Amino acid sequence: MQATTNTERAYSFADLSTYSFKDRVMIRVADLAFYSLINLVGRTTRFEVEGWEHFEAAEREGLVLIHTVLHDCIYLAIYFWRRRGIVYLTSHSFDGEYIARFLQRFGFGAVRGSSSRGAVGALVEMARLVRAGIPVGFTVDGPRGPRYVAKSGAVILAKKTGQPILPFNVTAAHCWRSPTWDRLQVPKPFTRALVSVAAPIIVPRDADEVAIEGKRAELESALNELRHRGDQWRTRFR
C-alpha cells in the first residue's frame with residue numbers, strides 16, 4: 001500500500017495551494033512553455049545512440065536502473081527517455097515545481113528534495129520506489145552545481161537498493177548555451193544528437209564512506225568521459 005501511495009504521488013501534480021496566486025500562474029505557464037519547447041525540439045531531433053547494449057542487458061536481467069546525467073543536457077534527455085516511467089529527483093522550490101510538472105507530462109515521475117532541502121526523505125522515498133521496481137534518475141551535478149561534479153545521492157541509493165547506476169549523456173550537434181551556472185544546452189530545431197550510455201556501476205551493499213566516495217568519483221569520471229566523447233562527436237558538424 002505504501003509503495004502504491006508513493007507511486008501515485010510521484011506521477012501526480014503537486015498541490016499548489018501553498019503558493020501565491022501569481023506563483024501558481026507562473027508555475028503553470030512555465031510548465032506548459034517548457035513542455036511545448038522540449039516536445040517541439042525533440043520531435044525534430046535525429047538521435048544517434050551508442051552503448052545501448054548496456055541498457056538492454058540490464059533490462060533483460062530485470063534490473064531497476066538508477067539513471068544519471070549531467071544537468072547541461074537535460075532537455076534532450078527528457079525527450080529521449082520519455083514515457084518510461086522514470087522518477088527524477090527535483091528540487092523543493094519554485095523552479096523544482098514547474099520542472100516536476102513538465103517531467104510528468106512526458107511520462108516521468110518526480111520526487112521533491114535536493115542536496116539542501118529534504119534530501120534524506122527524498123532518498124528514502126526513491127529507495128521505496130526502486131524496491132517496487134520503478135526506475136529513478138538524478139541530474140547528479142544539480143540543482144546548482146558545481147558544474148560536472150557528481151553528488152553522492154545516486155551512489156547512496158545504489159548501495160541501499162542493490163541496483164546499478166546507469167550513466168548517460170546527450171550531446172546536441174547544434175545548440176545555444178544558456179547563461180546559467182550549468183551552461184544548459186538548448187538544442188536548435190532539426191539538430192542531430194548523440195545519446196551515449198556507459199556500463200552500469202555497481203555499489204556494494206557493505207560500501208563504507210571511502211568506497212562510496214570512490215564510486216562517486218567513478219560515476220563522475222564516467223559521465224565526463226561520455227561528455228568528452230560527445231564534444232568530439234560534435235566537431236563533425238562544425
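The values are calculated or read from the model by the stated rules, or taken from the named source; none is laboratory data. Treat the numbers as computed from the prediction; the structure is a model and nothing was measured. Cβ placement follows ideal geometry from the backbone for every residue including glycine, while neighbour counts extend to all protein chains displayed.
Name the one entry in D208, D231, D182 that is among the acidic types (D, E) and closer than 24 Å to R82 by Cβ. Step by step, each of D208, D231, D182 is checked, and only D182 is among the acidic types (D, E) and closer than 24 Å to R82 by Cβ. Taking segment 195-238 as the range and being of a type in the set (K, R) and over 13 Å from A173 (Cα atoms) as the test, the residues that pass are R205, K215, R216.
One line per residue, one yes/no per condition, for (1) over 17 Å from the mean Cα position of the chain (by Cα); (2) part of a helix (DSSP H, G or I); (3) modelled with pLDDT under 95:
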| residue | (1), (2), (3) |
| --- | --- |
| Y19 | yes, no, yes |
| V49 | yes, no, no |
| H67 | no, no, no |
| R84 | no, no, no |
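So which residues in segment 179-214 are outside any loop (DSSP other than H, G, I, E, B), charged (D, E, K, R) and loosely packed, with under 15 Cβ neighbours inside 10 Å? Show your work before the answer.
Restricting attention to segment 179-214, the residues satisfying the condition of being outside any loop (DSSP other than H, G, I, E, B) are 185-187, 192-197, 201, 209-214.
Among the residues that remain, those that are also charged (D, E, K, R) are: 192, 209, 213.
Hits for segment 179-214 are E209, E213.
Does segment 124-131 contain any residue that is aliphatic (A, V, I, L, M), under 12 Å from L70 (Cβ atoms) and buried (at least 22 other Cβ atoms within 10 Å of the Cβ)? Show your work before the answer.
Quick first cut of segment 124-131, residues aliphatic (A, V, I, L, M) only: 124, 126-127, 129-130.
Checking the rest, the ones that are also under 12 Å from L70 (Cβ atoms) come to none.
Checked against the condition, which is being aliphatic (A, V, I, L, M), under 12 Å from L70 (Cβ atoms) and buried (at least 22 other Cβ atoms within 10 Å of the Cβ), segment 124-131 yields no hits at all.
Per the listing A14, A10, the residue uniquely over 27 Å from N224 (Cβ atoms), not β-branched (V, I, T) and not in a helix (DSSP H, G or I) is A14.
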